[in-house]
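The values are calculated or read from the model by the stated rules, or taken from the named source; none is laboratory data. All values reported here derive from a predicted model rather than from experimental measurement. Note that we place each Cβ from the backbone using ideal geometry, even for glycine, and neighbour counts take in every protein chain shown. With ligands, DNA and RNA removed, areas are computed over all heavy atoms of the protein, side chains included. Shrake-Rupley method; radii C 1.70, N 1.55, O 1.52, S 1.80 Å.
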Amino acid sequence: MESNTRRLVVVSNRLPAALALEDGRWQVRAGAGGLVSALAPVLRDRGGMWIGWSGTSDPEVDAAGLLADFSSEAGYDLYTVPLTADEVAGYYFGFSNEIIWPLFHDLQTRCRFDPDYWRMYLDVNFKFAEVVARKTTPDDYVWIHDYHLMHQALFLKSMGVKRRTGFFLHIPFPPPDIFMKLPWRWKLIQALTEFDLVGFQTLQDRRNFTGCLHRLMPEARVSGRGAVVSVDMGSRTLRVGAFPISIDFNQFADMARRREVADRAFGIKEALRHRKIILGVDRLDYTKGIPERIRSIKTLLRRYPDLKGQVNFVQIAVPSREEVDEYRELRTEIEQLVGRVNGEFSFPGWVPVHYHYRSFPPDELAAYYLAADTALVTPLRDGMNLVAKEYCACNVDEDGALILSEFAGAAAQLQKNAYLVNPYDLEGVAKALHRVFHWDKEERRRHMSRLRDQIRRNNIYWWVDSFLQAGIAKNLGDFPAADAMTY
Ligand code: G6P
């Protein structure tokens with residue numbers, strides 16, 4: 001059966017719609033984050049099913065009922081896995097957000113290796129697998145996403161349920177020296193080898209994974225060339241590949257061409273008195289390097305005083321995981337830094353940093369992308385970073401510049417035409433900002449048009465086809481990689 005005729009079943013922690021309590025009433029809201037924004041257009045396009053957690057643990061809430069309208073409008077089925085408050089605390093806030101998230105982003109000092117988290121992670125994975133087993137058939141392609149659900153294939157097998165399974169990790173996979181710190185390293189890697197296909201964002205992530213396999217399961221034999229390779233485990237074979245995720249390029253470009261969006265972009269520029277706009281857009285997360293970015297703006301204004309009054313830095317920070325202490329502390333730190341930089345440099349008629357702590361509707365965000373002269377995308381570590389790609393897609397006039405952290409997965413693809421920086425190197429980032437400030441129109445156009453061509457070609461539909469092909473192709477051959485993916 002071909003990949004595009006099998007029914008696609010997506011399984012992820014979050015659904016594309018989340019329930020939120022607003023003014024005492026439960027509302028359905030579009031979900032945030034890279035995973036949801038990448039996959040929602042795919043299911044809208046081809047139909048299928050999405051299984052995930054509703055985002056609430058309140059037993060009184062009729063999640064299925066509330067999501068029914070969303071599901072019929074979206075054109076695919078949604079099934080929720082109900083989770084109790086304890087389960088959410090241990091599996092989501094605990095194991096996923098306090099262990100795997102920091103560890104896989106090379107920030108192991110932030111990990112809390114609490115064994116209760118691990119137990120709850122296993123229990124919840126089992127619960128998810130039971131729903132997957134019930135709602136799917138052997139003809140479906142079951143595509144599991146992200147670090148919350150790494151035990152799905154193992155549990156389906158233990159229940160005797162045969163399914164074709166693929167797993168995609170949206171965040172980086174750490175090198176062996178870091179992965180080995182995980183107390184449950186062997187069980188976790190063994191669970192991952194139970195999928196038929198395991199996909200990563202970059203070749204480097206894939207190499208890290210096979211490096212860990214090498215250390216922990218020396219019997220595993222890797223063979224093949226190209227973006228997808230085979231791993232012979234003795235009794236079975238799995239495939240492991242690099243598939244850099246992308247965006248619905250045309251959707252963003254079309255949105256940026258809309259009259260209202262262009263008017264809004266003009267309004268933003270006018271409000272900032274047509275000064276050059278440097279833009280940062282992120283979930284408020286410690287992996288995104290927001291404090292370092294603000295410090296590099298401070299360095300810019302100190303080092304290059306000619307830019308005072310010439311530029312505005314606009315940071316949009318989308319609230320995220322607010323229940324976790326570290327995220328609340330980070331928010332305070334950012335607010336203090338913004339205050340300090342503005343306190344040091346502002347003068348009547350000019351405030352250098354404009355900081356927004358809220359989520360923006362997509363067309364408002366597109367207007368900011370369109371208005372910005374430079375996108376400053378400087379995560380300390382990131383699986384891919386879709387903001388970098390969204391900015392380019394919206395840059396329909398091709399006169400923007402992308403400054404990108406070399407530690408974002410996107411750098412492995414966009415390194416030739418983005419200006420790569422080390423986010424920890426404040427002077428290097430300031431220098432990059434100063435350089436692109438002086439790029440002429442032609443230089444900006446040349447880089448941006450190449451970035452846009454590349455993202456247009458390797459868009460989200462290319463990504464899905466590429467993953468599903470790797471999942472079902474009889475022979476892998478020299479499986480084609482994304483254009484210009486060098487590491
Ligand atoms: C990243 C992860 C996603 C996650 C998103 C938002 O993009 O890869 O799996 O959904 O962050 O985080 P949250 O914890 O709110 O789901």
### Per-residue HN-Hα couplings for the stretch 182-193 [Karplus 6.51, -1.76, 1.60; θ = phi - 60°; Hz; x = Gly/Pro]
5, x, 10, 4, 5, 5, 5, 5, 5, 4, 5, 6
### Task
Past 21 Å, Cα to Cα, is the threshold; run LYS389/LYS416; LYS127/LYS181; LYS181/LYS389; LYS298/LYS431; LYS135/LYS157; LYS269/LYS431 against it and keep the listed order.
LYS127/LYS181; LYS181/LYS389; LYS269/LYS431
### Placed amide H near TRP53: partners under 5 Å, 5+ positions off or other chain
ARG14, LEU15, VAL81
### Query
Once amide H atoms are built 1.01 Å from N in the peptide plane, which residues 5 or more positions from VAL421, or in another chain, come under 5 Å H to H?
LEU404, SER405, GLU406
### Query
When the Karplus curve 6.51 cos²θ - 1.76 cosθ + 1.60 is applied with θ = phi - 60°, which whole-Hz ³J(HN,Hα) does each residue of the stretch 358-367 get, with x for Gly and Pro?
5, 8, 10, x, x, 6, 5, 5, 4, 5
### Task
Keeping all protein chains in position, work out how much accessible area SER359 exposes to a 1.4 Å probe, and write it in Å² to the nearest 10.
80
## Note on the structure
Counting every C-alpha pair in the chain, the percent lying more than 30 Å apart is 46
### Task
Please work out the FRET efficiency for the pair GLN27 and ASP483, using the Cβ-Cβ distance as r and a Förster radius of 51 Å; give the result to the nearest 0.05.
0.80
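How much length is gained on full extension from ARG273 to GLU329, taking 0.36 nm per residue of separation minus their Cα-Cα distance?
Contour length minus the Cα-Cα distance gives 16.8 nm.
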### Query
Counting only protein heavy atoms and using a 1.4 Å probe, what share of the accessible area of the chain belongs to carbon plus sulfur, as a whole percent?
48
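If you average 1/r across every pair of different Cα atoms in the stretch 8-242 and take the reciprocal, what Kirkwood value do you get, in Å?
It is 18.4 Å.
Where a ≥ b ≥ c are the square roots of the eigenvalues of the C-alpha gyration tensor, would you call the stretch 249-457 rounded, which needs a/c under 1.5, or, failing that, prolate if a/b is larger than b/c, or oblate? Mind dumping the intermediate values first?
Details: a/c = 1.28, a/b = 1.18, b/c = 1.08.
Because its axes are fairly even, with a/c under 1.5, the stretch 249-457 counts as rounded.
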### Query
Solvent-accessible area per residue for the chain at a 1.4 Å probe radius, Å²?
41
### Task
Would you work out if the stretch 39-123 is rounded, prolate or oblate? Take a ≥ b ≥ c from the square roots of the eigenvalues of the alpha-carbon gyration tensor; rounded if a/c is under 1.5, else prolate when a/b is larger than b/c, oblate otherwise.
oblate
## Note on the structure
Counting only DSSP loop positions in the stretch 1-92, the GluC sites (Glu not before Pro) whose Cβ has at most 15 other Cβ atoms within 10 Å are GLU2, GLU60
### Summary
So, relative contact order of the chain in percent, Cα under 8 Å, 6 or more apart, is 14
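Please arrange ILE460, ILE472 by accessible surface area, largest first, computed with a 1.4 Å probe and ligands excluded.
ILE472, ILE460
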## Note on the structure
For the GLU406, GLU60 Cβ pair and Förster radius 51 Å, calculated FRET efficiency rounded to 0.05 is 0.60
### Message
What whole-number distance in Å separates the alpha-carbon centres of the stretch 442-487 and the stretch 252-294?
### Response
26
## Note on the structure
Toy charge model, Lys and Arg Cβ at +1, Asp and Glu Cβ at -1: the chain dipole around Cα centroid in debye, rounded to 20, equals 1260
### Efficiency of FRET from Cβ geometry, ARG457 and GLU219, R₀ 41 Å, rounded to 0.05
0.60
### Summary
Where a ≥ b ≥ c are root eigenvalues of the Cα gyration tensor, a/c under 1.5 meaning rounded, otherwise prolate if a/b exceeds b/c and oblate otherwise, the stretch 121-177 counts as prolate
## Note on the structure
Ratio for the stretch 107-254, C-alpha Rg to 2.2 N^0.38 Å, reads 1.09
